[in-house]
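The values are calculated or read from the model by the stated rules, or taken from the named source; none is laboratory data. Given the structure is predicted, the values throughout are model-derived calculations rather than measurements. With ideal geometry, Cβ positions are generated from the backbone for all residues, glycine too; neighbour counts draw on all protein chains shown. When the accessible area is computed, the model is the full protein with side chains, heavy atoms only, and any ligands, DNA or RNA have been set aside. Shrake-Rupley method; radii C 1.70, N 1.55, O 1.52, S 1.80 Å.
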Amino acid sequence: MCSHYQTLKDAELLLQKFGVREKPAAIGKHDMWPRYQGVFVRRPVEHDAGDEAVPEREAVVGRWGLISSMTKPDGLDKAGKLSTFNARSETAAKSFTFGNAWRRGQHCIIPAEAIFEPDWRSGVAVATRFARTDGAPLGIAGLWDRYRDAAGQWQESYTMLTINADEDPLFRDYHQPHKEKRMVVILPEGAYGDWLTAPADATRDFLLPYPAERLVAEPQLK
């Protein structure tokens, strides 16, 4: 799982690496934690309207921590307190929180410079920064949904999809001992377009571990 990541400092990278036509109004915080406002990339909601002015991809600012559009106004406070920044791919389809986005194929990509995971091998948690060896940004597979706030206005939100990492040559060494190891789904750049346009029944085809040799893990020692 991932509860801390660094988003892109340079908005130009969104255009260069993620095929976004226009920069978002704001990038938000560089160090991202759950419930912060961050940037994600998706197909526009109006993508099937037949309007040539609608781009293939857009960068959207939303809450990191998905709140389902099925959430009723009196349930927003409770939903906002849940840990919904990561979604277990094995159970997301049947989850109240993530099920709507999964069934609708509401795929997104979360651009990141790096993600952080705890290394417990010394007996204490050592924050470790994971980035691509070539310095390029990570494209993390996620789901998005929108909900109406107390004022009736649409608000955007997103989550990162995770898979089991017990046998992964890199991520199996992280998180607490004797607990299941998890990792976010990092997409290869060539899969970005297919992921954003894939139907719901093809979602699991993309939920694969990223090659360990293409990532570098750096302990953040104090």
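Could you work out which residue, out of D119, D149, D205, moves most in a Gaussian network model of the chain, that is, has the largest mean-square fluctuation with Cα springs under 10 Å?
D205
Given only helices, namely DSSP H runs of n ≥ 4 each adding -39500 (n - 2.57), what is the per-residue ellipticity at 222 nm of the chain, to the nearest 500 deg cm²/dmol? Could you put the intermediate results ahead of the total?
Values: 4 runs with 27 residues, N = 222.
Estimated from H runs of four or more residues: -3000 deg cm²/dmol.
Work out from phi, with θ = phi - 60° and the Karplus expression 6.51 cos²θ - 1.76 cosθ + 1.60, the ³J(HN,Hα) of each residue of the range 24-32, listed in order in whole Hz, and give x for Gly and Pro.
x, 4, 8, 7, x, 6, 6, 8, 9
Taking a ≥ b ≥ c as the square roots of the Cα gyration tensor eigenvalues, with a/c under 1.5 meaning rounded and otherwise prolate when a/b beats b/c, else oblate, which class fits the chain? Numbers along the way, then the final one.
On the way: a/c = 1.59, a/b = 1.32, b/c = 1.20.
Prolate is the answer for the chain, as a/c is 1.5 or above and a/b outweighs b/c.
Which aspartates and glutamates, on any chain, are close to K181 with Cα under 16 Å apart, when same-chain ones fewer than 8 places away are left out?
E90, E117, D119, D166, E167, D168, D173
Using the Kirkwood radius built from alpha carbon pairs, what does the Stokes-Einstein equation give as D for the range 1-70 at 10 °C and 1.306 mPa s, in µm² per second? Don't skip to the answer; put the middle values down first.
Details: Rh = 13.3 Å.
Answer, rounded: 120 µm²/s.
Less than 14 Å Cβ to Cβ from P169, Lys/Arg counted +1 and Asp/Glu -1: what total charge do the surrounding residues give?
Values: positive: R172, K181, R214; negative: D166, E167, D168, D173, E213.
Its environment carries a net charge of -2.
Once every Cα of the range 94-222 carries one equal point scatterer and solvent is ignored, give the base-10 log of I(q)/I(0) from the Debye formula at q = 0.15, 0.21 Å⁻¹, two decimals.
-0.79, -1.23
Just to make sure I understand: if all protein chains stay in place, what is the order of H47, H178, H107 by accessible area at 1.4 Å, largest first? Show your work: numbers first, answer last.
Working: H47 70, H178 185, H107 5 Å².
The ordering from most to least exposed comes out as H178, H47, H107.
From the Cα gyration tensor of the range 143-198, with a ≥ b ≥ c the square roots of its eigenvalues, which class applies: rounded if a/c is under 1.5, or else prolate if a/b is larger than b/c, or else oblate? Walk me through the numbers before you get to the answer.
Details: a/c = 4.78, a/b = 1.63, b/c = 2.93.
Oblate.
For a quick check of understanding: with a 1.4 angstrom probe and all protein chains in place, what accessible area in square angstrom does R148 have, to the nearest ten?
Result for R148: roughly 120 Å² accessible.
How many percent of the accessible area of the chain is carbon or sulfur, using a 1.4 Å probe? Can you show the working numbers first?
On the way: 5650 of 11340 Å².
Answer for the chain: carbon and sulfur cover 50 percent of the accessible area.
Using a 1.4 angstrom probe and counting only protein chains, how large is the accessible area of T133 in Å², to 10?
90 Å²
Using DSSP to define loop residues, name the GluC sites (Glu not before Pro) in the range 119-194 whose beta-carbon has at most 12 other beta-carbon atoms within 10 Å. Please list the in-between numbers first.
Details: sites: E156, E167, E180, E189; in loops: E167, E180.
Here the GluC sites (Glu not before Pro) that fit, given the DSSP loop and packing criteria, are E167, E180.
Over the range 113-222, average the accessible area per residue using a 1.4 Å probe and give it in Å², no decimals. Please report the intermediate quantities before stating the final value.
Working: 5410 Å² over 110 residues.
Ligands and nucleic acids excluded, the figure is 49 Å² per residue.
For K72, which lysines qualify as cross-link partners when the Cα separation must be under 24 Å and same-chain residues fewer than eight apart are set aside?
Hits, sequence-local ones excluded: K81, K94.
By what distance, in whole Å, do the Cα atoms of the range 1-130 stretch along each of the three principal axes, largest value first?
Principal extents (Cα only, largest first): 57, 38, 26 Å.
Near K23, within a Cβ-to-Cβ distance under 11 Å, what is the net charge of the other residues, with Lys and Arg +1 and Asp and Glu -1? Walk me through the numbers on the way to the answer.
Details: positive: R21; negative: D10, E12, E22, E58.
Computed value for this residue: -3.
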